[in-house]
Amino acid sequence: MNSRLVFPLPEAVDPHGTGPWGIEPSHPYSPRIFLKHRLLQVPLDDSDHARFMRDHELGHLRWSHKHPDAVARRHKIHFDVLQAVEDARINTKLEQLAIETGSGALPEEVATAVAKNLLRRGDMRSVVLTMVAAQGCGANQGHFRKVFAVHPEGAKVIQLAEMARKALWVNGTAKFRDTIRVAKWLQLMLDNVESLESLALRRLQLPGGKGASGFEQALGIATQHGITRRSTTKVPWGKMKLENPPRVRRVDGYLGRGRIASDEGTIPRSIHRQLVDGRVFQRVRRRRGGTVLIDCSGSMSLGTEDLQRILEHSPGASVAAYSGNVRDGVLRVLAAEGRQVDNQWIAAPAGGANVIDGPALQWLSKQSQPRIWVSDGQVTGVNDRMSGVNSLECSALCRQRSIARCNDVAESVKVLRGIRRR
């Protein structure tokens with residue numbers, strides 16, 4: 001490498017062409033472009049790496065949005081997710097135009113050190129975003145792939161990054177609106193991903209003894225729906241109506257337990273009460289609690305007897321059923337606070353579609369624990385349309401709000417019996 005400086009010509013690719021650009025030298029690994037201020041900070045030496053950095057930033061100038069931070073806020077996307085997907089789009093567009101993106105990559109020892117450091121920190125989110133941003137970056141992509149592939153979760157990271165790349169180019173071209181669409185999809189995928197530390201220390205035990213990580217579930221959903229424009233675009237949820245018919249039947253029993261203050265015990269758990277009432281100990285007592293949400297869409301094929309069976313095994317819990325029509329649906333509360341509705345109300349509250357799975361789960365997420373969702377996992381929005389984004393949103397909500405999904409009545413009864421025993 002010699003000392004000759006190479007100055008790019010941003011005016012040649014500026015789609016707006018409203019004035020001259022300022023150019024400043026930068027560190028080789030930290031180029032920046034300020035579209036608003038028309039300032040380009042890039043390495044100016046004539047090395048392969050500097051040339052790639054200049055081409056990449058000029059790609060942002062040519063194809064990226066002028067205010068990406070405002071776009072991220074408007075669409076409720078985390079900026080780092082949007083930036084990673086946009087980097088992948090720029091790299092792959094340069095690659096498509098036969099502009100060299102491989103020879104200017106990071107030195108292998110640097111890329112390897114970066115990848116190993118991410119794994120050591122246990123930051124799965126950064127691992128995924130790094131692999132996504134490296135798509136189309138030739139040797140960089142290969143260096144990161146080589147390190148991540150030997151990790152137990154590395155194959156899933158690589159698979160997810162490749163799916164994001166395919167989703168960007170699913171229509172044969174990749175525009176900024178595709179970046180927004182894929183970033184929304186990727187953000188929901190990341191909402192299902194646990195840290196590497198939690199993956200190593202615990203596995204979420206689903207009802208029936210099945211174990212799966214959020215990563216595995218998310219990839220399973222994405223694989224099931226495929227990487228098409230429709231499957232990576234959210235279908236709007238239908239409007240939900242909450243129905244509270246009279247609960248005239250009294251039900252005896254409890255589901256769950258809680259702690260109350262006591263002046264006797266062995267371990268002082270509430271030492272702050274010493275100067276209030278002296279009840280620094282706690283004892284456990286049974287109480288009403290827990291919430292069961294039942295999907296009554298046609299795919300579940302639930303009859304009145306099935307709903308009554310769930311009610312029978314949920315004494316003291318809140319139980320609600322929901323189903324939808326074309327553009328809306330009804331969530332009906334069948335039991336709450338130790339009282340249930342008459343038999344005439346124990347049926348699907350609306351049509352045989354889903355439509356309101358998202359709003360119904362939002363309602364469930366605000367109720368008392370334990371939270372049980374009886375559903376086959378098939379969710380739809382308006383017009384009973386399915387999308388991978390809708391399914392990922394429901395999956396992430398279940399994971400974040402401690403909602404256990406049971407596939408059918410038998411599985412839910414088994415779970416409820418276990419809760420009652422404990």
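Taken together, the values in this text are just the output of simple stated rules run on the coordinates, not laboratory data. Model, not experiment: these values are computed from the prediction. Ideal geometry is used to build each Cβ from the backbone, glycine not excepted, and the neighbour counts take in all protein chains shown.
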Cα-derived Rg to Rh of the chain, Kirkwood definition: 1.09
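Exactly which trypsin sites (Lys or Arg not before Pro) in the stretch 133-191 are in a DSSP loop and have at most 13 other Cβ atoms within 10 Å? Intermediate values should be presented prior to the final figure.
On the way: sites: ARG145, LYS146, LYS156, ARG165, LYS166, LYS175, ARG177, ARG181, LYS184; in loops: LYS175.
Answer by residue number: LYS175.
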Computed label-point distance, nm, for sites LYS146 and GLN369 using a 7 Å Cα→Cβ extension: 4.5
FRET E, pair GLU216, ILE23, Förster distance 51 Å, beta-carbon r, rounded to 0.05: 0.60
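Among the listed pairs LYS156/LYS234; LYS146/LYS175; LYS76/LYS414; LYS66/LYS166; LYS184/LYS241, which have their C-alpha atoms separated by more than 31 angstrom in this model?
On the way: LYS156/LYS234 23 Å; LYS146/LYS175 29 Å; LYS76/LYS414 39 Å; LYS66/LYS166 25 Å; LYS184/LYS241 27 Å.
Violating the 31 Å Cα-Cα cut-off are LYS76/LYS414.
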Residue among ARG74, ARG38, ARG125 with the largest mean-square fluctuation in a Gaussian network model of the chain, springs linking Cα atoms under 10 Å: ARG74
Nearest 10 degrees, 0 to 90: helix 176-191 Cα axis against the chain principal axis: 50
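Would you work out the relative contact order for the stretch 300-422, in percent, from Cα pairs under 8 angstrom that are 6 or more residues apart?
On the way: 189 pairs, mean separation 30.4, N = 123.
Once divided by the residue count of the stretch 300-422, the mean separation gives 25 percent.
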Helix 214-225 vs. the chain, principal-axis angle (Cα, 0 to 90°, nearest 10): 80
Relative contact order for the chain, counting Cα pairs under 8 Å that sit 6 or more residues apart, in percent: 12
Under the Karplus curve 6.51 cos²θ - 1.76 cosθ + 1.60, θ = phi - 60°, whole-Hz ³J(HN,Hα) for the stretch 381-388, x wherever Gly or Pro sits: x, 4, 6, 6, 8, 9, 7, x
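Could you give the length gained by full extension between THR266 and VAL326, i.e. 0.36 nm per residue of separation minus their alpha carbon distance, to one decimal place? It would help to have the intermediate numbers written out before the result.
Numbers: separation 60, 0.36 × 60 = 21.60 nm, distance 5.79 nm.
15.8 nm is the gain from fully extending THR266 to VAL326.
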Gain in span if fully extended, ARG401 to THR228, counting 0.36 nm per residue against the direct Cα distance: 59.4 nm
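Could you pull out the longest piece of the chain with no exposed loop GluC sites (Glu not before Pro) in it, calling a site exposed if DSSP puts it outside H, G, I, E, B and it has at most 14 other Cβ atoms within 10 Å? All intermediate terms of the calculation are to be shown ahead of the outcome.
Values: sites that count: GLU100, GLU264, GLU337.
It works out to 101-263.
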Of ASP328, ASP342, ASP295, the one that fluctuates the most in a GNM where the chain has Cα springs shorter than 10 Å: ASP342
Inter-label distance, nm, simple model (7 Å from Cα along the C-beta direction), ARG417/ASP376: 2.4
Pairwise label distance in nanometres, GLN344 with VAL6, each label 7 Å out on the Cα-Cβ vector: 8.2
Fully extended contour minus Cα-Cα distance, from ALA410 to GLU162, at 0.36 nm per residue: 85.4 nm
Candidate aspartates and glutamates for bridging to LYS36, where Cα separation is under 20 Å - those fewer than 8 sequence places away on the same chain excluded: GLU11, ASP14, GLU24, ASP55, GLU57, ASP69, ASP80, GLU86, ASP87
Whole-number D in µm² s⁻¹ for the stretch 64-233, Kirkwood Cα-pair radius fed into Stokes-Einstein, 25 °C, 0.890 mPa s: 148
For the stretch 64-233: relative contact order, % (alpha-carbon pairs under 8 angstrom, 6 or more apart): 24
